[in-house]
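Before any comments, here is the structure.
The values are calculated or read from the model by the stated rules, or taken from the named source; none is laboratory data. Quantities reported herein were computed from a predicted structural model and do not represent experimental measurements. Positions of Cβ are backbone-derived with ideal geometry, glycine not excepted, and every protein chain shown enters the neighbour counts. The area values use the complete protein model at the heavy-atom level, side chains included, leaving out ligands, DNA and RNA. Shrake-Rupley method; radii C 1.70, N 1.55, O 1.52, S 1.80 Å.
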Protein chains: 2
Amino acid sequence: MSTPKIYVAVVGVGLVGSEFINQLLSIPPATSPFHLISLTSSTRALFSHTSPITSSSSWKADLAASADRPDLSKLTKELAALVSPSQKVALIDNTSSEDVAALYPVWLGSGINVITPNKKAFSGDLALYQSIIAASSKSGARFLNEATVGAGLPVVGTLKDLVATGDKIVKIEGVFSGTMSYIFNEFSTGAADGPAFSSVVRIAREKGYTEPHPADDLNGFDVARKLTILARTVTHSSPLPALQSFAAVQTASLIPPELEGTPTGDAFVDGLPTFDGRFAQMRADASKEGQVLRFVGVVDVKNGQVRAGLEKYPVTHPFATSLGGSDNIIMFHTERYGARPLIVQGAGAGAAVTAMGVLGDLLKLV
Amino acid sequence: MSTPKIYVAVVGVGLVGSEFINQLLSIPPATSPFHLISLTSSTRALFSHTSPITSSSSWKADLAASADRPDLSKLTKELAALVSPSQKVALIDNTSSEDVAALYPVWLGSGINVITPNKKAFSGDLALYQSIIAASSKSGARFLNEATVGAGLPVVGTLKDLVATGDKIVKIEGVFSGTMSYIFNEFSTGAADGPAFSSVVRIAREKGYTEPHPADDLNGFDVARKLTILARTVTHSSPLPALQSFAAVQTASLIPPELEGTPTGDAFVDGLPTFDGRFAQMRADASKEGQVLRFVGVVDVKNGQVRAGLEKYPVTHPFATSLGGSDNIIMFHTERYGARPLIVQGAGAGAAVTAMGVLGDLLKLV
């Protein structure tokens, strides 16, 4: 059984990209089923399929020393020329770029497998998503996106298995944002009072748990994108709407209307204390009912609804008792799992676990 | 891309086997990547690779009407003759037989992929396990056993991914037995008293949650077998002992020594009330410390220990708060998951979810 090694090209060498490359190169070359042949950053490119990249200590310097500028159409041609019935090629998109995502149909159509933690393609325009499916189906090249939801947690793969084996999804609900998880685990513990919402957000930002501009988390779009990916994976007949994009998800933003459009993160956190009373009131109301507040995402297959927003859960619910830190938690309610859902929980963000989700997908090609 | 359909042979058509066949046949024939060509029960066999089995309503009658007796060496020859570089063959062992498990090295050596929820091979003699690994490695045929631990829950696959991507496993701990889960979720809720142990066991048996002889659950061997499978999957360098078999797991049986060897399940449950005081005392002691009792399995990689037995957990721990019914819960403590483990939870037994785990594995061959 001497299958040729799979050629791997990496686009994006930031936090996740670098960690991915290091994890990939930590597989001993003698046993590794992969040849890393190309790197593309925002300013440089490296392509060397005859002499693969093997050193985790020197690839950064080698890339920086390259005279080649990034050129994705050139890369596409070079990779497509390598594809053959006996030679697999995989492109790893470790960016979060829409422009890169727009190229997936081209790559898949050329027989190049695409693996990514980038949510843009699968949660964006339905037309792009459909052309990805069509290109993959035509060429047989695969697109794998486990790391788009819950990073390294087995979420997308688990859902695909449930669907592929004929289970019927009733509802998927979860805390899909590590940032939102941290904020509400701190803010709402079941007690009637606690820290001010603005102070929790400020601390989360200082710890690097939020985007530089916290409104980019509090708008709920990250959750809406993940829900779109999951909803589109539920392919069996259901009353779910065909989401035109993540913007079609019913998303209840946490940004106070008065702060919409605040230009900087600093100005945003400075303005937030004015609205602490609203959040404190919601917390007190929930507490009176023995409940906590959690920012959740729900794919309600049965009722044909996809929504993201603040909901209340009893203090005895796993979203209250089991969740901590910035963990994600995802519950799959299905026909086969009946009264008690299948639950996956753990860190859903961070370079190491995200890169692991990507590498796990790549190993599926072997 | 016209890959030939994968030939599938099923050995064992009991609860799990029947459910598996029905799930497999519910994939529309036009799109199914599989041809079901053989069935073997304890009394009959059916082999028809030119005219695959397609009807979920008639396969039972067809098998019953067959004149062929089960003959696994004949089946081996027939399947091996079908294997070619372009033709995959998968044998699904849905029995719990040691005799069938002993044939895996032969099948794998002949290029036949083996997929099974049968724990016997992977938790039995180390020599058998090693010959399975060797045969698979030599021929390239795969053995997949997701459903041996946690049924359809993503447990074995998640662990394999963690290991393959270079994460370091620190500890795996969980409630791996649905029976033990139910018994202790009912028996020990954190309160100082509650129902008698013997009455919980009696009810569990009446509900069909235990084996006909409850000692077959209370001896902890089922958990020890699952731990052996997981421990052997942790292949990175660790102080873990190479388990000679599941019998090498430190297993603290719950069978009162006085009842060891009780011949029948009826006699066993009749004798159990005599020992209710012991269990009640343990529950009261745990309650005083704010803890509950759970029968857990632990693969402590860091400390080189594999054990199964009754342990105490704080009432705030997920094993106390999140667990219910007869759910399994498994925590992976790893280097990358740091302070907070990756958790998988849900029904870990039952024909539908077990068959789903098997079918999910089979789909990995496509």
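Structural remarks
- The single condition among (1) under 19 Å from B:V358 (Cα atoms); (2) in a loop (DSSP other than H, G, I, E, B); (3) out of contact with any strand residue (DSSP E or B) (no Cβ under 9 Å at 6 or more places or on another chain) that B:V13 does not satisfy is (3).
- Enumerated helices (runs of 4 or more DSSP H) restricted to region B:40-120, each holding at least 2 residues that are surrounded by fewer than 16 Cβ atoms within 10 Å (Cβ to Cβ): B:59-65, B:72-82, B:98-101
- If you go through region B:8-30 and keep only what is surrounded by fewer than 23 Cβ atoms within 10 Å (Cβ to Cβ) and over 23 Å from A:R336 (Cα atoms), you end up with just B:A30.
- The condition of being touching a residue at least 24 places away in the same chain (Cβ under 8 Å) and touching a strand residue (DSSP E or B) at 6+ places or on another chain (Cβ under 6 Å) holds for only one of A:T235, A:T228, A:T251, that being A:T251.
- Matching residues, region A:314-348, being more than 8 Å from chain B (Cβ to nearest Cβ) and surrounded by fewer than 21 Cβ atoms within 10 Å (Cβ to Cβ): A:P314, A:V315, A:H317, A:H333, A:E335
- The conditions of being touching a residue at least 60 places away in the same chain (Cβ under 8 Å), part of a helix (DSSP H, G or I) and either within 11 Å of chain B (Cβ to nearest Cβ) or over 29 Å from A:P341 (Cα atoms) (or both) are met by A:K160.
- Every residue from region B:349-363 that is open to solvent by less than 10 Å² (accessible area, probe 1.4 Å) and β-branched (V, I, T): B:V353, B:V358
- Hits in region B:208-256 (condition: of a type outside the set (D, E), open to solvent by 10 Å² or more (accessible area, probe 1.4 Å) and touching a Phe, Trp or Tyr at 6+ places or on another chain (Cβ under 8 Å)): B:Y209, B:H213, B:A215, B:F221, B:R225, B:K226, B:R232, B:F246, B:T251, B:L254
- Pairs where the first residue, in region B:188-206, is touching a residue at least 12 places away in the same chain (Cβ under 8 Å) and the second is part of a loop (DSSP other than H, G, I, E, B) and open to solvent by 60 Å² or more (accessible area, probe 1.4 Å), C-beta under 7 Å, 6+ apart: B:G190/B:V315
- Flag for B:S199 being part of a helix (DSSP H, G or I), crowded, with 18+ Cβ neighbours inside 10 Å and among the small types (G, A, S): no
- Meets criteria (free of Cβ contacts under 8 Å to residues at least 12 places away in the same chain and assigned to a loop (DSSP other than H, G, I, E, B)) for B:G261: yes
- Boolean, B:T316 is without any contact (Cβ under 8 Å) to a residue 40 or more places away in the chain and β-branched (V, I, T): yes
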